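Rule-based calculations on the coordinates, nothing more; no lab input. These figures come from a predicted structure and were not determined experimentally. Cβ atoms come from the backbone with ideal geometry, glycine included; neighbour counts cover every protein chain shown.
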Amino acid sequence: YGQERFAGKIAFEIEKRREQVSIDTTQQLVDVVLAAVPAAYAQKAKIHPATRVFQALRIYINDELGQLQSALAAAIEMLNPGGRLVVVSFHSLEDSIVKKFFRSASQQHERQHYMADPTSNTGADNLAETSTSVLRVLTKSAVTASIAEVEKNPRSRSAKLRALERVV
């Protein structure tokens with residue numbers, strides 16, 4: 001999840017170290033990560049390799065990508081005509097999910113609503129209504145922070161904003 005180039009080597013080093021001693025602190029994990037990656041890579045990287053490892057653990061443990069997909073689907077269902085859904089993502093995996101979801105949702109789709117048939121002894125459902133909902137992507141590509149904003153707020157460098165509107 002952290003898109004770490006040396007993920008395999010890091011995982012191997014963690015397993016090797018755990019056979020010798022338990023890893024109980026974040027600093028111990030940082031030391032293991034640094035032992036697994038080339039020193040030049042760790043020094044040149046914009047983001048510390050251990051940061052990506054901690055991010056990957058957080059994403060996995062919290063099921064953040066699964067939660068994002070569920071939240072997007074729920075949000076689309078709640079939108080009224082003219083309503084807008086705006087999402088800010090901070091990670092390329094999140095942005096990829098949002099981008100694909102918006103692209104898919106923006107294509108005209110039909111929702112079928114079923115209603116129980118009161119005359120049926122079998123409890124079968126009948127198609128009560130079919131409605132078409134049209135969603136339109138408002139941002140052709142992700143909106144990112146300007147250079148001036150990144151200078152004022154360095155954390156904004158990875159933020160990407162995408163927006164969608166329910167037309168009908």
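Other residues whose C-beta falls under 10 angstrom from the C-beta of Val143 contribute a net charge of +3, scoring Lys and Arg +1 and Asp and Glu -1. Cross-link check: pairs Lys46/Lys100; Lys16/Lys160; Lys44/Lys152 evaluated at a Cα-Cα cut-off of 31 Å; pairs beyond the cut-off: Lys16/Lys160. Take 47-59, 69-81 and order them by the average number of nearby Cβ atoms within 10 Å per residue, most first; the result is 47-59, 69-81.
Charge tally for Ser96 (other residues, Cβ to Cβ under 15 Å; Lys, Arg +1; Asp, Glu -1): +2.
Between amide H atoms placed 1.01 Å from N, distances below 5 Å from His91 occur with no residue 5 or more places distant or on a separate chain.
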